[in-house]
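The structure appears right after this line, and notes come after that.
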Amino acid sequence: MGNREQTFQKILEVAYVMFAEKGFEKTSLAMIAAEVGISKPAIYYYFQSKDQLISFLFEELYKEIQYDIVVDYKELSPSNFIEKLLKIGYKSIDEQDKDPYFNKIFSQYLLLAARDDHYMQQLLELQSDYLARFYDILQYAVQLEVLDESANIEAKAHLLAMLYDNIGNFMLTGSQLNYKAIWREAVHSVIQGGKDE
C-alpha cells in the first residue's frame, strides 16, 4: 500500500472514531487532519468537504451492514437450521462488542437522516433489506420443513429483524443484558413455536 492509500485509510479510521466520539457537528476536517498528521489543505486532496467524507463513510458502513446477514442456503439443513440462524445474531453481537464506535457513529447517521431525506431513504432501504432477508431465510425454513407452512412467516421474520437491529441500540446505552440468550430465545420461539401453530 502506497503513502496515498495509507493516508486515505488513516483519514477514514480517524474520522470514524472522531465522528463517533464527538459527533459530526463538533468534528472538523482540520481536527481530523491534525490527528492524521497532515495539513488541513492536504486533506482536501482526499475529500473536498466534510459532507463528502461523511457520505463516503456512510457508504462503507452501508456495504458492511448489507453483508452482515449473508446465508449460504446450500449449507442449511433441517438439522443445522437453528444453529445457523443463531450464528447470524451471535456474529453481530460479537462484532458490536469489539467495535465500541459502530453504534455511536450509526446514531449520528440516524440523527442526520432526521433532516436529510437522502440518508433517510438509504436507512429505510437498509431496514427493508433486513426484513426481506429474514423473510427469505424463514421461507427457506418452510421448504426444509423446519417451519410449518401455516406459520406467520412474515411476522416471525419481522420479529427477528427488529430484534437483530435493536440489540445494537441497547448495547449503545451500555445495558448489561445477555444479548446472546435473548437472541437464542427469540430464534427458538420463532422456530419451535412455528411448529405448534
Flag if Asp94 is touching a Gly at 6+ places or on another chain (Cβ under 9 Å) and either open to solvent by 30 Å² or more (accessible area, probe 1.4 Å) or modelled with pLDDT under 90 (or both): no
Unique match (being within 30 Å of Ala161 (Cα to Cα), free of Cβ contacts under 8 Å to residues at least 12 places away in the same chain and among the charged types (D, E, K, R)) among Glu64, Glu5, Glu21: Glu64
Among (1) among the polar types (S, T, N, Q); (2) more than 30 Å from Asp136 (Cβ to Cβ); (3) open to solvent by less than 70 Å² (accessible area, probe 1.4 Å); (4) assigned to a helix (DSSP H, G or I) - the single one Thr27 does not satisfy: (4)
The listed residue being among the β-branched types (Val, Ile, Thr) and within 30 Å of Gly193 (Cα to Cα), out of Ile105, Ile82: Ile82
Options Tyr119, Tyr46; residue that is open to solvent by less than 70 Å² (accessible area, probe 1.4 Å), in contact with a Ser or Thr (Cβ under 8 Å, 6 or more places away or on another chain) and not polar (S, T, N, Q): Tyr46
Close pairs (6 angstrom Cβ cut-off, 6 or more residues apart or separate chains): closer than 10 Å to Ala15 by Cα in region 28-54, among the β-branched types (Val, Ile, Thr) anywhere: Leu29/Ile43; Ile32/Val14; Ala33/Ile43; Glu35/Val14; Val36/Ile11; Val36/Val14
Where a residue in region 172-197 is at pLDDT below 95 and its partner, wherever it lies, is among the charged types (D, E, K, R) and open to solvent by less than 40 Å² (accessible area, probe 1.4 Å), with Cβ under 7 Å and at least six apart: Val190/Lys156; Gly194/Lys156
Residue that is nearest to Ile93 (Cα to Cα), among those in region 158-171 that are open to solvent by 80 Å² or more (accessible area, probe 1.4 Å) and free of Cβ contacts under 8 Å to residues at least 12 places away in the same chain: Phe170
Pick from region 30-55, criterion touching a Phe, Trp or Tyr at 6+ places or on another chain (Cβ under 7 Å) and in a helix (DSSP H, G or I), ranking: farthest from Ser107 (Cα to Cα): Leu53
Filter result for the condition that a residue is without any contact (Cβ under 8 Å) to a residue 12 or more places away in the chain, under 20 Å from Asp72 (Cα atoms) and either in contact with a helix residue (DSSP H, G or I) (Cβ under 7 Å, 6 or more places away or on another chain) or not aromatic (Phe, Trp, Tyr) (or both), over Ala155, Ala132: Ala132
Index of the failed condition, Val17 passing every other in (1) open to solvent by less than 20 Å² (accessible area, probe 1.4 Å); (2) over 30 Å from Ala186 (Cα atoms); (3) touching a Phe, Trp or Tyr at 6+ places or on another chain (Cβ under 9 Å): (1)
Answer residue from region 56-82, given it is of a type in the set (Asp, Glu) and in a loop (DSSP other than H, G, I, E, B) and is surrounded by the fewest Cβ atoms within 10 Å (Cβ to Cβ) among those: Asp72
Count of residues meeting criterion [surrounded by 13 or more Cβ atoms within 10 Å (Cβ to Cβ) and touching a residue at least 24 places away in the same chain (Cβ under 8 Å)] in region 137-151: 9
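The values are calculated or read from the model by the stated rules, or taken from the named source; none is laboratory data. Source: prediction; values computed, not measured. All Cβ positions, even for glycine, are placed from backbone atoms using ideal geometry, and neighbour counts span all protein chains on display. Accessible surface is based on the protein model in full, side chains and every heavy atom, while ligands, DNA and RNA are left aside. Shrake-Rupley method; radii C 1.70, N 1.55, O 1.52, S 1.80 Å.
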